[in-house]
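The values are calculated or read from the model by the stated rules, or taken from the named source; none is laboratory data. What you see is a predicted model; the values in this text were computed from it and never measured. For neighbour counting, all protein chains shown are included, and Cβ atoms are generated from backbone atoms with ideal geometry for every residue, glycine included. What goes into the accessible areas is simple: the full protein's heavy atoms, side chains included, and nothing from ligands, DNA or RNA. Shrake-Rupley method; radii C 1.70, N 1.55, O 1.52, S 1.80 Å.
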Amino acid sequence: MLKKVFGSAVFGVEATTITVEVNVDSGIGYHLVGLPDNAIKESNFRIAAALQNNGYKIPGKKIIINMSPADLRKEGSSYDLTLAIGILVATNQIKGDDIDKYLIMGELSLDGNLQPIRGALPIAVKAREEGFKGFILPKQNAKEAAIVDGLEVFGVDNIEQVIKFFDLGEPLEQTIINTREEFYKNLDFPEFDFSDVKGQESIKRCMEIAAAGGHNIILIGPPGAGKTMLAKRLPSILPPMTLHEALETTKIHSVVGRVKEHTGLMAQRPFRSPHHTISNVALVGGGSYPQPGEISLSHNGVLFLDELPEFKREVLEVMRQPLEDREVTISRAKFTVTYPSSFMLVASMNPSPGGYFNDPNAPVTSSPAEMQRYLSKISGPLLDRIDIHIEVTPVPFDKLADERKGETSVEIRKRVTAAREIQTQRFKESDKVHYNAQMNTKFLRQHCKLDDASMQLLKTAMERLNLSARAYDRILKVSRTIADLEAADDINGSHISEAIQYRSMDREGWLG
């Protein structure tokens, strides 16, 4: 007897439906075909134990299971439940009249309980596309899959519930989520708040400008000045994610199994902070069976690189293209996957190997040769993609001891969101450009016109401070964002002069 059951495989951030064909014939043997990996080949031991512990068995017949399309590699243990139910129906141990209306996925424990799977959200999206009535999966993943409306999602604890559902018609509990309510519930309670930061008003202003225009930013300062503390609070002032962005972000995190059990949809923007020993594959994604890297996991959020010169140079260089294209494509001999990676880069570094460059009371000093070697790890083309450079100075004691609370993240975010709305209107005709940091030369000429006095100010600053040519575009972009925060139509001299302050690494005495 031949029976078909349906599962799913995830490639990139998209799912492909897998048809599991179970054929039972006279003879003895268990044959699993269709390019399964080792985890799937071992499934027959898990299935045999789980069935036996629940009063069923794999009969001593010839069982051939084909996972179609057969030329597509299948991996992971999430097909256990699919295969087990297929075997039970094909060997007439249970009824399965409606089995072809459901997508079934789950990893089995030996006692028949279910373990969570990866990629539940993209699988649910595909199941709805292909017209399945419902999706049966482990309870831990049910909220994540239930984001998709128009599909019945049943979270189950063990195989016994699934058997009773098909064999005896016992109903399963459907997981229903109000996506919008879930999404807006966590919006105004950021984990880290700017009101915790004492002093550092100029740096907070910088962060606000970076968030408003989507600008990449680098913080330079001695140890203990508060660089990491400030960076961790940046996601709390970024504009709230749209529902589309939240779905896109949850999809990527679902593929690597990083969505928390109690939250269906990710409402907070991601904040990723990889250690400086990270490899280039872990950063941009890849592997023999490609997985998203840190830059894709920070899509629609913030990628924080602490102690930037400590990262290997080749690791930093592989970021250049994704920073420009906002996606990363990984090619293999048989297939190509593209992961989105539109993130804000926030980097921090000490000004010298000892950490106290330009400080006369420094406990440690560095020689010019050490300085050059330290700073040469950061290439010009990478710095070229960072719009704002700001020096962070330690907070004086009287500010630290001050009991007054600073401005909250929610208050700052209101101003940032208003500035972003101006940019959304400005670039509504463009598919590629959504905020100021993404402006190309054409948009710069169009939206960053300067009057004579502002142009003269910029010319004088570039000559006096010995700013590089690449700083010119960056200053224009940042000054456009400062003008947007003030809801000003045109850029004036005060916007230009503030933007010029944020190019400290282009000046003589830094990278030369």
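So here's what we get for this one:
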{"item": "Residue count, the stretch 59-91 (criterion: open to solvent by 50 Å² or more (accessible area, probe 1.4 Å) and either on the phi > 0 side of the Ramachandran plot or more than 42 Å from the chain's Cα centre (by Cα) (or both))", "result": "3"}
{"item": "Which numbered condition H447 fails, given (1) within 34 Å of the chain's Cα centre (by Cα); (2) within 18 Å of R503 (Cα to Cα)", "result": "(2)"}
{"item": "Any hit, the stretch 92-107, residues being closer than 18 Å to L265 by Cβ, open to solvent by less than 10 Å² (accessible area, probe 1.4 Å) and at pLDDT below 95", "result": "no"}
{"item": "Those residues of the stretch 79-116 which are among the hydroxyl-bearing types (S, T, Y) and either assigned to a helix (DSSP H, G or I) or farther than 16 Å from D157 by Cβ (or both), in sequence order", "result": "Y79, T82, T91, Y102"}
{"item": "Entirely in the stretch 204-286, the helices (runs of 4 or more DSSP H) that have 1 or more residues that are open to solvent by less than 10 Å² (accessible area, probe 1.4 Å) and closer than 28 Å to R503 by Cα", "result": "227-232, 280-284"}
{"item": "Identity of the residue in the stretch 356-408, more than 28 Å from K204 (Cβ to Cβ), of a type in the set (S, T, N, Q) and assigned to a loop (DSSP other than H, G, I, E, B), that ends up modelled with the lowest pLDDT", "result": "T365"}
{"item": "Pair list, Cβ < 9 Å and 6+ apart or interchain, from the stretch 317-344 residues that are free of Cβ contacts under 8 Å to residues at least 40 places away in the same chain to residues that are acidic (D, E) and open to solvent by 70 Å² or more (accessible area, probe 1.4 Å)", "result": "K334/D71"}
{"item": "Breaking point among (1) in a strand (DSSP E or B); (2) modelled with pLDDT of 90 or more, for S296", "result": "(1)"}
{"item": "Yes/no for E160 being under 21 Å from F45 (Cα atoms), open to solvent by 10 Å² or more (accessible area, probe 1.4 Å) and outside any strand (DSSP E or B)", "result": "yes"}
{"item": "Test result for S331, under 17 Å from the mean Cα position of the chain (by Cα), of a type in the set (S, T, Y) and open to solvent by 30 Å² or more (accessible area, probe 1.4 Å)", "result": "no"}
{"item": "Single match in F165, F135, F192 (criterion: open to solvent by less than 10 Å² (accessible area, probe 1.4 Å) and aromatic (F, W, Y))", "result": "F135"}
